[in-house]
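**Q** Following this message is one structure expressed as structure tokens.
The values are calculated or read from the model by the stated rules, or taken from the named source; none is laboratory data. In this text, all values refer to a predicted model and were calculated from it rather than measured experimentally. Every residue, glycine among them, receives a Cβ derived from its backbone with ideal geometry; neighbour counts consider all protein chains shown. Note: accessible area is taken over every heavy atom of the protein model, side chains too, but ligands, DNA and RNA are not part of it. Shrake-Rupley method; radii C 1.70, N 1.55, O 1.52, S 1.80 Å.
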Amino acid sequence: MRRRMFGTAATAAVLGLLTPLSGCAGAAGGGDVTLRLVAAEYGDTPATGSQTYWDKVTRDFTAAHPGIEVEVRLLPWADIDREVSRMVEAGKAPDMALMGSYSDFAARGELYSAEELLSVGAEANFLQPLAEAGTVNSRLYGLPFVASSRLLFYNEALFTKAGIAEPPKTWSQLKAAAKALKEKGVAYPYAMPLGPEEAHAEALIWELSNGGGYADGNGNYHLDSDQNIRTWQWVKDNLVTPGLTGPTPPSRLNRADAFAAFLRGEVGMLNGYPSLAHEAAAKGIGVGTVAMPVSDALGPGEKAPTVGVADWMTAFRQNGHREEVGAFLEHVYQDKNLSDFAGRYHLLPATASAARTPAGGGLGQTDLDFLSALRTARLYPVNDPSWMTVSDTIKRTIGRAVEPGGDPRAVLGEIADKAVEAGRKA
């Protein structure tokens with residue numbers, strides 16, 4: 001199936017320091033307008049909820065643009081993509097949405113592009129891998145907001161207890177470390193979350209580390225490639241079957257549960273992102289982070305691409321508030337506002353200036369390590385309209401490849417067939 005994984009960014013992303021963004025005073029289009037933003041809720045308690053952030057941002061914006069009000073509705077991550085789709089289909093699209101996808105809307109011509117909304121400097125300020133992933137047919141429709149990258153975490157105290165001198169660089173070294181951890185009674189020597197919450201992230205990390213991945217060099221899905229089949233056969237034979245992935249079968253282990261076990265000191269190794277590092281530090285857990293080990297077929301001198309994840313701001317055409325939406329987004333993407341949000345949730349801001357300047361957050365060393373990885377990261381093919389269906393299939397299916405009696409070739413073939421079917425419908 002032909003499809004486009006990464007397009008050329010509408011403008012070149014700039015990694016140097018750019019002039020902070022600013023909006024002009026007054027209503028952008030004249031008269032009174034109320035904009036509606038639907039945004040994902042990033043907090044998990046009332047104290048960490050996103051409402052406080054959006055209240056301040058919208059209040060400051062309206063003070064500078066007295067003709068424009070902004071109403072914000074927060075939805076859980078589990079519901080927001082589906083709910084926004086329902087609103088659009090009912091003819092009640094929000095003016096903006098901050099969510100996990102965008103390309104199906106872009107393919108139907110329902111979104112404004114960045115060049116219709118933002119100044120040249122603002123559009124060029126997005127980090128390059130994120131801008132590329134947000135681009136469809138050479139236009140930027142998914143405006144990256146915050147992002148993260150993935151590195152291998154290891155519990156330093158457990159490594160010392162197991163006599164592991166240094167973190168693994170190859171799969172065979174990872175297996176040896178996991179065996180040493182198991183012999184010392186570690187519950188999850190390597191925690192492998194292939195449950196339905198976020199299995200597509202863990203799957204891509206492993207496939208990239210063996211020279212595979214979700215797409216080939218021409219931008220076509222190759223979900224059942226020989227490299228991917230060999231990857232899951234190795235994982236099944238060398239980690240899952242010997243009991244090195246812990247008491248919960250990978251197909252039933254979700255990321256949140258794996259992270260919680262890591263914070264309880266029950267996990268030796270797992271793939272994680274910045275917020276987990278901060279939570280572990282707060283609990284006094286010594287954590288090391290390294291690039292994902294590569295297969296022995298690639299060799300210890302090789303490096304696999306890091307997996308990156310971004311969340312997307314979208315702007316819908318349905319209500320015709322292009323100028324007002326553009327003014328609001330220029331405000332939101334100011335360094336101080338974007339870095340404030342990223343800092344609340346230990347994520348990475350999606351613009352070069354917010355990531356690199358003290359005014360843009362003054363990132364600590366842990367965040368800088370993840371930011372460095374993000375600059376060359378491989379993101380999901382979010383700019384393919386079929387990706388929502390394909391990712392859901394991966395999340396629900398890939399764990400079966402490593403179950404007792406599971407057949408990696410058959411499971412990956414099933415996923416590939418679903419991708420072809422989704423592509424025909426997209």
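**Q** As a check on your grasp of the helix formula, calculate [θ] at 222 nm for the chain: sum -39500 (n - 2.57) over DSSP H runs of n ≥ 4, divide by the residue count, round to the nearest 500.
**A** -11500 deg cm²/dmol
**Q** In Å and whole numbers, how far do the C-alpha atoms of the range 184-261 stretch along each principal axis, longest first?
**A** 45, 24, 16
**Q** Using each residue's phi in the range 236-252, evaluate 6.51 cos²θ - 1.76 cosθ + 1.60 at θ = phi - 60° and report the 3J(HN,Hα) Karplus result to the nearest Hz, with x for Gly and Pro.
**A** These are the phi-based 3J(HN,Hα) values: 4, 6, 9, 10, 6, 4, x, x, 8, 10, x, x, 8, x, x, 5, 10 Hz.
**Q** Shifting gears a bit: Amide H of residue 317: which non-local residues (sequence gap of 5 or more, or other chain) have their own amide H closer than 5 Å, using H built in the peptide plane?
**A** 111, 112
**Q** Under a straight-distance cross-link criterion of Cα-Cα below 16 Å, which aspartates and glutamates are reachable from residue 425, leaving out those fewer than 8 residues away in the same chain?
**A** Partners found: 104, 384, 392, 417.
**Q** May I ask you to give the percent of accessible area on the chain that is carbon plus sulfur, with a probe radius of 1.4 Å?
**A** Carbon and sulfur atoms account for 48 percent of the accessible area of the chain.
**Q** Another question, then. How long are the semi-axes of the ellipsoid equivalent to the range 133-200, from square roots of 5 times the Cα gyration tensor eigenvalues, in whole Å, largest first?
**A** Over the Cα atoms of the range 133-200, the semi-axes work out to 36, 13, 11 Å.
**Q** If I stretch the segment between residue 161 and residue 372 completely, what's the gain in nm (0.36 nm per residue apart, minus their alpha carbon distance), one decimal?
**A** On the way: separation 211, 0.36 × 211 = 75.96 nm, distance 3.04 nm.
Full extension from residue 161 to residue 372 adds 72.9 nm.
**Q** Then there's this: Considering the convex hull of the alpha carbon atoms of the range 48-170, report its projected area averaged over all viewing directions, in nm², one decimal.
**A** For the range 48-170, the mean projected area of the Cα convex hull comes to 12.5 nm².
**Q** Same structure again: Given the C-alpha centroids of the range 264-283 and the range 368-426, what is the distance between them in whole angstrom?
**A** So the two Cα centres are separated by 25 Å.
**Q** Give the long-range amide H neighbours of residue 198: residues separated by 5 or more places, or on another chain, with amide H under 5 Å away, using H modelled in the peptide plane at 1.01 Å from N.
**A** 255
**Q** Would you mind getting me the FRET efficiency between residue 41 and residue 296? Use the beta-carbon distance for r and R0 = 51 Å, nearest 0.05. Numbers along the way, then the final one.
**A** Working: r = 43 Å, r/R0 = 0.84.
The formula returns an efficiency of 0.75 here.
**Q** Report the normalised scattering of the chain as log10 I(q)/I(0) at q = 0.10, 0.13 Å⁻¹, calculated by the Debye formula with identical scatterers on the alpha carbons.
**A** For the requested q values the scattering log ratios are -0.69, -1.14.
**Q** What order do 160, 245, 366, 306 take when sorted by accessible area (1.4 Å probe), most exposed first?
**A** Ranked list, largest accessible area first: 160, 366, 306, 245.
**Q** Express the accessible area of the range 214-262 per residue in Å², computed with a 1.4 Å probe while the remaining protein chains stay in the model.
**A** About 40 Å² of surface per residue is accessible.
**Q** For the range 31-77, place one equal point scatterer on every Cα, skip the solvent, and apply the Debye formula. What is log10 of I(q)/I(0) at q = 0.27 Å⁻¹?
**A** -0.96
**Q** Okay, moving on. Residue 50's amide H: which non-local residues (gap 5+, or another chain) put their own amide H closer than 5 Å, with H modeled 1.01 Å from N in plane and none for Pro or chain starts?
**A** 42, 43
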